[in-house]
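Please read the structure below before turning to the comments.
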Amino acid sequence: MKRKCIIVGAGKYFESYISIIEEKYQVIAVTDNNSSLVGTDKCGYIIASVNDIKLYEYDTVLICMREPKTVQRQLISMGVTKISLFVEPGLIYSYGESDIANEIREYNTPYKSNDVQEHVLFAQINPCTRTHKFAELLNRNGIKCSLAYFGKMSEQARKALTYYEQVIHFFSYTDFLEYVKNSDYDLIHCSNEPDILISLIGGCGKPVVHDCHDFISLRDNLNAENMALEYVANTKSDGFIYASKMCMEMAIERYHTDRRKAIYLENRPSIDALPKKKLTKLSSIDGKIHCVYEGGLSDDCNHFRFFEEQWKLLASLGIHVHFYTQFKESYCQKIDSLSEFIHYEGNADIYELIQTMTQYDVGLCTFIELPCYKVKLDTTSSNKLFEYLAAGLPIAASDHLFHRNYIEKYGVGRIINWNEDVLEQFNKVSKIEIADDFVKHNKLTMEDQAEALIGLYRKLIK
């Protein structure tokens with residue numbers, strides 16, 4: 001039977017992790033000190049005041065926010081003695097009489113095998129497309145895979161679970177570490193972000209590979225803790241994988257990462273995700289340019305994925321923008337309502353999405369130019385760039401090195417200058433032809449990287 005808890009904190013942290021908390025607790029109330037939130041509906045809960053905690057019977061009060069100290073003191077002053085701090089998936093601290101952190105531990109049976117077939121455990125907070133692509137690739141090459149995760153898994157991600165022998169959802173780092181130590185996996189493949197898992201399992205008795213999608217230190221949440229974890233991940237692992245060559249060279253320069261144990265593998269599509277047929281272009285029907293964007297969004301105007309003004313400009317020029325994302329549906333509906341030329345298309349499985357995108361004219365990689373994100377975007381391997389090319393779409397891109405290198409090398413798009421004639425630039429991009437077999441012909445599939453990945457694994461497995 002689930003323990004009863006009251007949540008304190010109804011902000012973004014609560015919104016991000018409520019589905020995980022609900023797996024372990026019976027949430028009987030959600031409270032907040034912000035009077036403007038009290039009485040509103042968030043994630044299906046009517047927010048109450050923290051002062052109302054005394055009205056409920058509960059097993060613990062769970063503080064769900066990044067900076068819990070002030071609220072912790074407040075609860076103690078109110079006489080609350082059963083307090084737990086939800087720091088992040090895998091980390092729950094108890095204070096006072098609450099022993100909830102121990103009671104929610106799950107004792108998963110360690111994996112044991114006499115099989116000579118190699119078996120890799122992927123470990124990640126929130127499973128992502130890159131991890132699933134690797135698992136699919138390894139399956140095709142006779143290597144078994146399992147998955148351990150702590151956070152959320154989207155419905156689209158769940159469709160990829162057929163690539164794994166076992167899928168284990170952990171809620172305790174302690175439980176995870178015991179599981180890894182006592183299991184017979186040949187190698188542990190840890191993906192950031194964050195770098196916490198790779199830093200925890202060093203010394204587990206098995207080779208550990210750090211898969212760096214990008215550097216946390218290149219974001220706006222730089223602090224001493226993140227820098228320390230990033231250093232450990234890029235120096236103490238047995239092997240290193242980076243999402244781009246530039247990312248790998250940065251690790252070698254910054255942290256003296258051992259080049260002999262490092263490779264880079266870009267976020268390319270798998271062969272099975274390539275379109276089986278092309279759809280009719282929408283532009284052939286209405287004569288307008290139809291762009292597509294797939295990936296993350298932000299409702300923060302200081303983020304490089306805040307596209308409102310950019311998309312409104314395109315719409316004002318009669319250019320359609322279709323977007324696919326897992327981001328909050330309420331915000332997506334708001335963006336959709338800005339113009340009849342902006343279309344929220346929901347979310348789609350990657351195997352469906354690439355074929356669906358063949359009906360459009362241009363793929364958007366036009367991130368917002370912000371100095372604090374420049375190095376990150378220069379070095380990040382963009383899934384969308386390869387998926388647009390797989391769909392036969394030329395690319396309209398912001399001026400970042402990873403985009404520029406591909407555009408200049410293959411002639412597959414254009415860097416957009418928003419201070420010049422935007423309509424003319426998009427007209428030129430839409431006329432660039434991408435061959436149907438472009439990705440295969442230029443060896444830009446995930447399968448074309450198989451030799452490097454398996455070679456690194458077998459160098460480490462003894």
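The values are calculated or read from the model by the stated rules, or taken from the named source; none is laboratory data. Keep in mind the model is a prediction, meaning the values are calculated, not measured. So basically every Cβ, Gly included, is an ideal-geometry build from the backbone, and we count neighbours across all protein chains shown. When the accessible area is computed, the model is the full protein with side chains, heavy atoms only, and any ligands, DNA or RNA have been set aside. Shrake-Rupley method; radii C 1.70, N 1.55, O 1.52, S 1.80 Å.
In table form, for the structure just shown:
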read-out: Förster-model FRET efficiency, 30 Å R0, Arg66 and Arg305, C-beta, rounded to 0.05; value: 0.90
read-out: Projected label distance in nm at Ile252 and Ser316, using a 7 Å step from Cα toward the beta-carbon; value: 4.6
read-out: Förster radius 51 Å - calculated FRET efficiency between Asp41 and Lys409 (Cβ-Cβ, nearest 0.05); value: 0.50
read-out: Pair Lys159, Ser113: separation of 7 Å Cα→Cβ label points (nm); value: 2.6
read-out: Length gained when the stretch Asn51-Cys372 is fully extended (0.36 nm per residue, less Cα-Cα span); value: 111.6 nm
read-out: Tail fraction, Cα-Cα pairs, the chain, threshold 37 Å, whole percent; value: 33
read-out: Shape box of region 1-94 [Cα atoms, principal axes, largest first, Å]; value: 29, 27, 27
read-out: Region 411-462: proportion of alpha-carbon pairs further apart than 17 angstrom, %; value: 61
read-out: Label-zone membership for region 344-386, site Leu401, 7 angstrom Cα→C-beta point, backbone N under 17 Å; value: 370-382
read-out: Heavy atoms of Arg268 accessible to a 1.4 Å probe, total area in Å² rounded to 10; value: 30
read-out: Calculated FRET value between Asp436 and Tyr231, using beta carbons and R₀ = 41 Å, to 0.05; value: 0.35
read-out: With 5 Å bins from 0: P(r) over region 351-430, alpha-carbon pairs, percent; value: 3, 16, 26, 24, 18, 10, 2, 0
read-out: Where labels lie 7 Å past Cα in the beta-carbon direction, separation of Arg259 and Asp421 in nm; value: 4.7
read-out: For the chain, size of Cβ-based charge dipole, Lys and Arg +1, Asp and Glu -1, in debye; value: 720
read-out: Fraction in percent of alpha-carbon pairs per bin - 10 Å, region 267-370; value: 14, 46, 32, 7
read-out: Additional length obtainable on full extension of the chain from Asp349 to Glu329, 0.36 nm per residue less Cα span; value: 5.6 nm
read-out: Sequence ranges 197-210, 278-291, ranked by mean other-Cβ count within 10 angstrom, highest first; value: 197-210, 278-291
